[in-house]
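Peer 1: First the structure, then my questions, so here it is.
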Amino acid sequence: MSNTESVNQNLYFGSEAEIVITYDVYPARVEECHGYHEFSEDEEKSRELVSFKILLDSGEEMDIASVLTEEMKKKILDCV
């Protein structure tokens, strides 16, 4: 008579997130102080997760963005 056993394994995959970041772009500001220095005052307005792919060793990829909740997407975007 045989027994059945289960073994847990942790598998790790690469991933790739494609995001769109929207900015308000302003002309560069130049100030003189021991030379000339250029400052950017661009402001980020929003971020959007376009795709989130799991990369498999076979070279295939699975885009799971459509099944992620808004909270999950926010957590991914907060990592950038």
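Peer 1: Tell me the chymotrypsin sites (Phe, Trp or Tyr not before Pro) within segment 11-80 that lie in a loop according to DSSP and have at most 15 other beta-carbon atoms within 10 Å.
Peer 2: Numbers: sites: TYR12, PHE13, TYR23, TYR36, PHE39, PHE52; in loops: TYR12, PHE13.
Passing sites in segment 11-80 are TYR12, PHE13.
Peer 1: Right, next: Kirkwood hydrodynamic radius for the chain: how many Å is it when counted over pairs of different Cα atoms?
Peer 2: Numbers: mean 1/r = 0.0588 Å⁻¹.
Answer for the chain: a Kirkwood hydrodynamic radius of 17.0 Å.
Peer 1: While we're on this one: Can you give me the relative contact order of the chain as a percent, contacts being Cα pairs under 8 Å and 6 or more apart?
Peer 2: 28
Peer 1: Just to be sure I follow the definition: excluding the sites themselves, where is the longest run in the chain that has none of the GluC sites (Glu not before Pro) in a DSSP loop with at most 12 other Cβ atoms within 10 Å? Don't jump to the answer; show the numbers that get you there.
Peer 2: On the way: sites that count: GLU5, GLU41, GLU60.
The longest such stretch corresponds to 6-40.
Read-outs throughout are calculated quantities, based only on the coordinates presented, and are distinct from any laboratory measurement. Keep in mind it's a predicted model, so treat the numbers as computed, not measured. Reconstructed Cβ throughout: ideal geometry from the backbone, glycine too, with neighbour counts over all protein chains shown.
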